[in-house]
Amino acid sequence: MKTFEIKESELKNITLFLTEKQILLHPKISPNGTPDFTRYLGRKFVLILDRNILVKILRLVTNGELKDENDLKIISSLLLWAEFNNIALNSALALIEYSNFHQRNTESSEENNLFLEIFKQYTPKHWLDLATGKSTSIPKIELKEQKSFSFYIEDDHFKMHLLEMLKLSQLYFDRNQSIEDKFHDFFKWVIENILICKYTTYFACMLLGNNSKIFRNKELSYESIIKICKNAACDLTYLSFWSTQYYYEDNADEIFLFVTMDKELRELFFLTHKESLEIFKKSFGEKIGGKIINSLSSIYIKRDKPEINQEKLDKMIISEKDKLRIIIESNAQSNNIQNDHTF
């Protein structure tokens with residue numbers, strides 16, 4: 001690889017730019033989106049890419065450009081920053097998500113072939129010139145060979161998060177329960193059926209507190225709600241799977257960071273790692289928030305973990321989908337009755 005010069009001021013500006021965007025996440029290194037590697041010197045670092053980031057990288061190398069100037073600067077700055085700091089990029093979770101969407105390996109294999117070729121065909125100067133505005137395009141990637149990869153796997157993490165989203169959707173669209181009863185039912189259901197995820201606990205606060213946009217301003221049907229649940233489950237899977245990596249990192253050789261441009265996903269990360277339940281009182285008031293916190297405390301006790309297997313999860317998904325369909329259809333019928341009586 002040819003050597004190139006990068007000015008200290010250029011590297012500093014690129015680092016500051018990424019810091020301002022708050023897209024680099026880690027509970028200890030970067031709990032607020034501002035990386036500080038001081039306590040981790042000498043360790044190897046891996047950057048887990050979410051689907052949105054990977055798509056933009058592949059679009060850049062396939063088309064030779066990105067139409068959105070902000071996206072172009074973020075992606076090129078990220079690629080340069082990672083390479084300059086010897087941080088590996090990992091696209092596995094994003095490719096698993098893609099293969100599960102298609103329920104096969106064909107498309108994810110094509111993307112992985114492109115992704116692996118990036119590190120052979122481009123130099124840091126390509127990313128530097130894009131990041132600093134010296135150029136707006138790069139040569140289109142030349143795919144020299146095609147290999148098959150296996151990313152299509154049944155994922156317990158995803159299925160449990162899909163179940164959580166189906167249950168939260170039932171509660172969100174249920175017009176008959178109080179907010180504290182919804183949380184009580186959700187926490188009780190979680191402790192009886194699946195593993196506990198702190199990210200979902202805080203996402204429940206965002207969703208039921210109307211601080212999530214996933215069900216807003218959309219023409220919602222049962223089918224579209226299921227699609228939204230699957231997308232949200234993918235996002236939660238990124239965070240929960242990643243937590244299994246950073247949880248044991250004190251004695252690990254590799255440290256895993258996560259990068260995403262998704263505003264709501266980052267908000268969930270920041271909220272979760274404040275490690276404070278006061279958000280429930282801020283969202284629902286002192287009285288109701290206190291009741292929610294009391295019901296939440298019941299899931300942080302020692303328990304016999306429920307049996308988790310693919311067959312059980314699949315059966316539960318069918319059951320929870322049926323329950324959601326009943327609620328959505330009931331709401332639709334109620335709306336029709338109200339419209340019939342409107343003059």
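Read phi for every residue in segment 322-334 and hand back ³J(HN,Hα) as whole Hz from Karplus 6.51 cos²θ - 1.76 cosθ + 1.60, θ = phi - 60°, with x for Gly and Pro.
Once θ is set to phi - 60°, the couplings for segment 322-334 become 4, 5, 5, 4, 4, 5, 5, 5, 5, 5, 5, 5, 4 Hz.
About its Cα centre, what dipole magnitude does the chain give when the only charges are +1 on Lys and Arg Cβ and -1 on Asp and Glu Cβ, stated in debye to the nearest 20?
The dipole of the chain has a size of about 460 debye.
For labels at F17 and N309 in the simple 7 Å Cα→Cβ model, what's the distance in nm?
According to this spin-label approximation, the distance is 5.3 nm.
Arranged from highest to lowest average of other beta-carbon atoms within 10 Å per residue, in what order do the peptides 148-156, 206-214 appear? Each step should come with its number before you reach the end.
Values: 148-156: 15.1, 206-214: 16.7.
My ranking of the peptides, most packed first, is 206-214, 148-156.
Mean 1/r over all different Cα pairs, inverted: what Kirkwood radius does segment 197-343 give, in Å?
18.4 Å
Past the 30 Å Cα-Cα mark, which pairs from K125/K159; K218/K305; K159/K188?
K125/K159; K218/K305
Can you pull the three principal axis extents for the Cα set of segment 1-89, in Å, largest first?
For segment 1-89, the Cα spread along each principal axis is 40, 31, 22 Å.
For a paramagnetic label modelled at 7 Å from the Cα of Q121 toward its Cβ, which residues of segment 62-83 fall within the zone defined by backbone nitrogen distances under 16 Å?
Backbone N within reach: 62-66.
Dividing the convex hull volume of the alpha carbon atoms of the chain by its residue count, what do you get in Å³ per residue?
Details: hull volume 61.3 nm³, N = 343.
Convex hull volume per residue, Cα atoms: 179 Å³.
What number in nm² do you get for segment 170-240 if you take the convex hull of its Cα atoms and divide its surface by four?
Directional mean of the projected Cα hull area for segment 170-240 stands at 5.1 nm².
Using a cut-off of 11 Å between beta-carbons, work out the net charge of the residues near L93 (Lys and Arg +1, Asp and Glu -1, L93 not included).
Net charge around L93: -3.
Treat segment 106-152 as a sphere of radius equal to its Kirkwood radius over Cα pairs and apply Stokes-Einstein at 25 °C in a medium of 0.890 mPa s; give the translational diffusion coefficient in µm²/s, rounded to a whole number.
Answer, rounded: 203 µm²/s.
Given a cut-off of 28 Å, name the pairs among K12/K56; K56/K227; K21/K230; K73/K263; K167/K287; K21/K291 whose C-alpha atoms lie farther apart than that in the structure shown.
Working: K12/K56 23 Å; K56/K227 22 Å; K21/K230 26 Å; K73/K263 17 Å; K167/K287 24 Å; K21/K291 36 Å.
With Cα atoms farther than 28 Å apart: K21/K291.
Any lysines with Cα under 20 Å of the K144 Cα? List them, leaving off those in the same chain fewer than 8 positions away.
Straight-distance partners of K144: K120.
What's the FRET efficiency of N52 with S224 using the Cβ-Cβ distance as r and R₀ = 35 Å, to the nearest 0.05?
E between N52 and S224, to the nearest 0.05, is 0.95.
Compute the FRET efficiency between L143 and N294 as 1/(1 + (r/R0)^6), taking r as their Cβ-Cβ distance and R0 = 45 Å, and round to the nearest 0.05.
Result of the calculation: an efficiency of 0.20.
So in the chain, what percent of DSSP beta bridges are antiparallel if you round to the nearest 5?
Here the share of antiparallel DSSP bridges comes out near 25 percent.
Counting pairwise Cα distances across segment 73-149, what percent come out greater than 19 angstrom?
45 percent
Please work out the ratio of the alpha-carbon Rg of segment 277-330 to 2.2 N^0.38 Å and round it to two decimals.
On the way: Rg = 16.5 Å, N = 54, 2.2 N^0.38 = 10.0 Å.
Against the empirical 2.2 N^0.38 Å value, I get 1.64 for segment 277-330.
Apply 1/(1 + (r/R0)^6) to the Cβ-Cβ distance of S330 and K213, taking R0 = 25 Å, and write down the FRET efficiency to the nearest 0.05. Intermediate values should be presented prior to the final figure.
Working: r = 24 Å, r/R0 = 0.98.
After rounding, the FRET efficiency stands at 0.55.
Report the gain in length on full extension from S178 to N32: 0.36 nm times residue separation, minus Cα-Cα distance, nm rounded to one decimal.
Net length gain for the segment: 49.2 nm.
Where a number appears in this text, it was derived from the coordinates with a stated rule and is not lab data. Since we're looking at a predicted model, the values are computed, not measured. Counting neighbours? That spans all protein chains shown, and the Cβs are built from the backbone with ideal geometry, glycine included.
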